[in-house]
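Data block below; observations after.
Please treat every number below as a calculation from the coordinates, not as lab data. Here the structure is a predicted model, which means the values were calculated and not measured. Positions of Cβ are backbone-derived with ideal geometry, glycine not excepted, and every protein chain shown enters the neighbour counts.
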Amino acid sequence: MERKLIKMKRLLKSIALAFIASVFIWGTAHAVTISFTDNHYNWPNWNVHTGDLNGTPDFLGGTAEVSAAGYLASLSFNVQAARSGSAYLNLFRGLSAADLFIDQNADDVWDYVVKSLYHSGKASVNYGLYNVIQPLGEDGPGTVKDANYLLATASNFRTGHPVGLKSEYLGLLKGTTELSGWWGSDAQYDVIYTPTFTFGENHIFLSDKFTVAFSVICANDVVYETLETPVPEPATMLLLSMGLVGLAGFRKNLRRGK
Ligand SMILES: [Ca+2]
Ligand SMILES: [Ca+2]
Ligand SMILES: [Ca+2]
């Protein structure tokens, strides 16, 4: 009787372990990471600067993580700290974030804005994620159509470039988004920092293409990239399932061999 109980316990334990393993593998196999580089100097039609950099920092690109169901899970940016010069390093240390813009179908109309403007320091902070209907802007700085944007204005900034959306043009609050990994006053030369937005249960569905834009408050370097959402691969899932079944069989054989 006692033996039976022990066997039963073992069986239950293996089932539980197998379940945890498959949930883990399932999730990992489904999520896809897309890498991107920094190819743009300005947003299209906002040609306010002729180079990628206006001092510090240097955005190098980043990664977008897309869930199995096609939702945006997280967005990371690779940010290179000043390479030399104590003045540049001090400027870098004091930099704060701009708003994050997301165009879920790459049709040049922003669909979401994360109000992260002025974020600085290392702590993870939750910010509002808002629905918006905001055209990218075709007429350039100063025109009525583009007056909805907050622009970088100081003379040593990328003057006239969007860094945020005025709050009166925000739509409904969709949820909160965490921004973590921002550098602080102890930032060092030549380190690549990776501030990351995580979207949690906010369901930002992505079309086959989507566009993201991000910068710092001075718009010294601007990220504006259109990414392609990977198509789910049934072949991968089939292989994974076959592998799991195979593993189960292997375990059985091991037991028999004992
Ligand atoms: Ca750059
Ligand atoms: Ca759109
Ligand atoms: Ca750039």
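Which strands (runs of 3 or more DSSP E) sit wholly inside the stretch 88-138 and have at least 2 residues that are within 9 Å of ligand 2 (Cβ to nearest atom) and under 22 Å from SER76 (Cβ atoms)?
Of the strands (runs of 3 or more DSSP E) lying wholly inside the stretch 88-138, those with at least 2 residues that are within 9 Å of ligand 2 (Cβ to nearest atom) and under 22 Å from SER76 (Cβ atoms) span 100-103, 109-114.
I'd like the full set of residues that are more than 23 Å from the chain's Cα centre (by Cα) and buried (at least 18 other Cβ atoms within 10 Å of the Cβ), limited to the stretch 153-198.
PHE157, ARG158, GLY160, listed by residue number.
Look at the stretch 189-234 and say how many of its residues are part of a strand (DSSP E or B), touching a Gly at 6+ places or on another chain (Cβ under 9 Å) and of a type in the set (S, T, N, Q).
Here the count works out to 1.
How many residues are of a type in the set (A, V, I, L, M, F, W, C), surrounded by fewer than 19 Cβ atoms within 10 Å (Cβ to Cβ) and in contact (Cβ under 8 Å) with a residue 40 or more places away in the chain when one looks only at the stretch 98-116?
Looking only at that region, the number is 1.
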